[in-house]
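Notes follow once the structure below has been shown.
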Amino acid sequence: MTDSLENASNDPRDIEQFRQYGHQLIDWIADYYNHPENYPVLSQCQPGDIQKQIPTTPPQQPESLEKIFKDTEDIIVPGMTHWNHPGFMAYFSVSGSPTGLLGELMAAAFNVNAMLWKTSPAATELEQVVLDWLRQLFGFPESFFGVIHDSASTSTLCALVAAREAIAALDSRHEGLSGGSPLCVYISDQTHSSVEKAAIIIGVGQKYVRTIPSNNDFRMDMVALEAAIKADFEAGYRPFVVVPTVGSTSTTSADDVEAVAELAEKYNLWLHVDAAYAGPIAMLPEMRHYFVGCERADSLVTNPHKWLFTQIGCSVLYCSKPDVLKRAFSLVPEYLKTQEEDEVVNYMDYGVALGRRFNALKLWFVIRSFGVEGIQGVLRKHLEMAQQLRSWVEGHPDFEMMAPVPFSVVCFRAKPNDWSGSDEDLDILNDQLMHAVNQTGKVFFSHTRLKGQLTLRIAIGHLYMEIDHVKIAWKTITSELQSLLEK
Ligand SMILES: Cc1ncc(COP(=O)(O)O)c(C=O)c1O
């Protein structure tokens with residue numbers, strides 16, 4: 001990235017300079033994609049290390065791209081945790097692909113604001129078409145209307161606003177919430193925090209977020225759910241939305257969406273399904289059973305940037321009541337009125353943001369460049385690798401599984417064969433193990449807490465991950481445990 005270029009000017013508007021450095025940058029990215037293992041997966045820097053290398057005031061005079069690129073390599077790269085590294089097994093992957101990156105680059109080149117159909121018809125119409133492709137691939141009904149947001153948190157926030165709008169007796173859009181009976185949201189103890197955050201933002205209040213316990217398999221307890229809904233109605237509250245998850249964050253457990261849908265219909269609740277991580281798995285016919293009931297959802301979120309090889313900033317909200325979504329969000333000032341507004345979709349009417357990126361383009365690049373079978377092949381490989389790792393954990397005397405493995409995350413902990421210490425000491429041992437492994441730079445994984453116990457969590461989902469990478473991770477974990485026990 002740092003070779004000096006002949007004829008390169010210092011003018012940031014110079015298109016020839018852009019061309020030359022652009023080629024060089026693509027070469028750099030290709031090398032980086034080829035050899036991410038040249039870098040430690042988890043950044044080894046300490047808090048403040050990056051800031052202290054960057055001047056505290058901006059440059060007054062133009063600086064050359066050559067110098068900017070060099071500083072990027074010298075200062076920024078060491079401060080990166082490499083989500084592109086096949087040893088990245090923490091959280092959920094953001095599994096971007098080279099073709100997704102090209103789509104992203106192209107979208108940045110057009111740099112349109114896809115707020116209205118008119119402000120770039122192709123951006124709107126491609127979003128409609130690509131989200132309808134996905135809908136078909138997931139087996140969802142034709143009534144599902146899709147919108148791309150930046151994150152599942154935003155998608156879920158919009159879903160809850162629509163759910164509130166759907167309450168016939170409550171005109172919250174005009175009246176606000178003051179004076180009405182408290183609204184109640186139902187989640188499980190495995191639900192992602194984004195739902196509770198959305199409830200805070202829309203004024204429900206944490207006090208009225210009902211956290212239903214989950215069973216041994218981390219699935220929402222249906223008896224407890226119905227009891228909580230009934231108790232709230234009896235107390236004069238207004239239950240209004242229930243959120244089952246397919247692919248929960250800690251263990252990837254899948255709630256019984258069909259059973260939740262029954263209750264939602266019985267008590268007139270909005271059904272919002274969180275499939276942010278696992279949604280793409282609905283593309284595998286043999287895994288469709290996890291999604292039974294989703295077709296009855298009022299809304300559902302899934303993130304192609306998690307497990308559909310698309311660069312981050314691509315979450316899809318499906319809504320089977322787009323009229324309600326539009327009623328909740330549409331507010332059109334004079335300067336945004338257009339002649340064709342009754343004939344077209346103006347995506348600004350379906351969410352918080354006015355300005356919107358052309359995010360459908362990268363998703364279109366991804367789906368076309370992989371093809372459905374290509375995507376299915378990678379997903380199946382991920383599922384198989386997770387089962388392989390599960391079998392290694394189960395077969396090792398010093399480890400135990402902590403949760404079932406429906407998808408591609410394996411939750412386990414070290415519990416040495418002859419262990420006679422307390423649960424607290426076991427937590428300390430596992431915490432030390434995680435830090436020791438992450439310090440090697442070969443693997444980075446994260447933790448959760450299940451039934452009070454610190455649990456190690458390996459997430460498979462990286463586009464380039466092969467079974468050898470999982471072997472390296474497992475070997476590193478077992479040998480670091482050995483070293484810790486010897487100490
Ligand atoms: C199940 C689930 N829902 C929602 C989210 C929030 O996603 P985002 O980061 O896109 O807001 C996550 C994040 O990991 C998740 O695992």
In whole µm²/s, the translational diffusion coefficient that Stokes-Einstein assigns to region 15-82, given a Kirkwood hydrodynamic radius over C-alpha pairs, 25 °C and 0.890 mPa s, equals 177
Measure of size requested: the Rg and Dmax of region 325-419, with Cα atoms as the atom set and Å as the unit; please supply both. 24.1, 76
Of Lys415/Lys475; Lys207/Lys306; Lys415/Lys487, which sit over 23 Å apart, Cα to Cα? Lys207/Lys306
Report the percentage of all Cα-Cα pairs in region 366-463 whose separation exceeds 21 Å, rounded to a whole percent. 41
With N set to the residue count of region 131-267, report its C-alpha Rg divided by 2.2 N^0.38 Å to two decimal places. 1.07
What is the ratio of the Cα radius of gyration of region 239-376 to 2.2 N^0.38 Å, where N is its residue count, to two decimals? 1.18
Note down the nm distance, to one decimal, between modelled labels 7 Å out along Cα→Cβ at Asn111 and at Asp342. 3.7
Summing -39500 (n - 2.57) over every DSSP H run of at least 4 in the chain, dividing by its residue total and rounding to the nearest 500, the 222 nm mean residue ellipticity is -12500 deg cm²/dmol
Could you check the simple spin-label distance between Asp11 and Gln53, using points 7 Å along Cα→Cβ, in nm with one decimal? 3.2
Over all directions, the average projected area of the alpha-carbon convex hull for region 72-166 comes to how many nm²? 9.5
Semi-axes of the equivalent ellipsoid of the chain: what are they in whole Å, largest first, if each equals the square root of 5 times a C-alpha gyration tensor eigenvalue? 37, 35, 21
Among Ala353, Phe92, Ser9, the residue whose Cα sits farthest towards the positive end of the charge dipole of the chain (+1 at Cβ of Lys and Arg, -1 at Cβ of Asp and Glu, taken about the Cα centre) is Ala353
Computed FRET efficiency, Cβ-Cβ of Ile467 and Val332, R0 60 Å: what is it to the nearest 0.05? 0.65
Just the Kirkwood number for region 133-172, please: inverse of mean 1/r across all distinct Cα pairs, in Å, one decimal. 12.0
Mind ranking 426-432, 82-88, 105-111 by how tightly packed they are, going by the mean number of other C-beta atoms within 10 angstrom, highest first? 82-88, 426-432, 105-111
Using DSSP loop states and a limit of at most 10 other Cβ atoms within 10 Å to flag GluC sites (Glu not before Pro), what is the longest stretch of the chain containing no flagged site? 143-342
Go through region 129-143 residue by residue and turn each phi into a ³J(HN,Hα) via Karplus (6.51, -1.76, 1.60, θ = phi - 60°); whole Hz please, and just put x for glycine and proline. 5, 5, 6, 6, 4, 4, 4, 5, 5, 7, x, 8, x, 4, 5
How large a share of the accessible area of region 96-487, in percent, is made up of carbon and sulfur atoms when the probe is 1.4 Å and the other protein chains stay in place? 52
Whole angstrom only: what separates the Cα centroid of region 205-221 from the Cα centroid of region 293-321? 22
Proximal lysines relative to Lys118, as straight alpha-carbon distance under 28 Å, when same-chain residues fewer than 8 apart are discounted: Lys321, Lys326, Lys337, Lys362
Simple label model, 7 Å out from Cα along Cβ direction - Gln61 to Ala169, nm: 7.2
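The values are calculated or read from the model by the stated rules, or taken from the named source; none is laboratory data. Not measured: the values here are computed from a predicted model. As a convention, Cβ positions derive from the backbone with ideal geometry for all residues, glycine included, and neighbour counts pool all protein chains shown. To get the accessible areas, we keep the full protein, side chains included, count just its heavy atoms, and leave off ligands, DNA and RNA. Shrake-Rupley method; radii C 1.70, N 1.55, O 1.52, S 1.80 Å.
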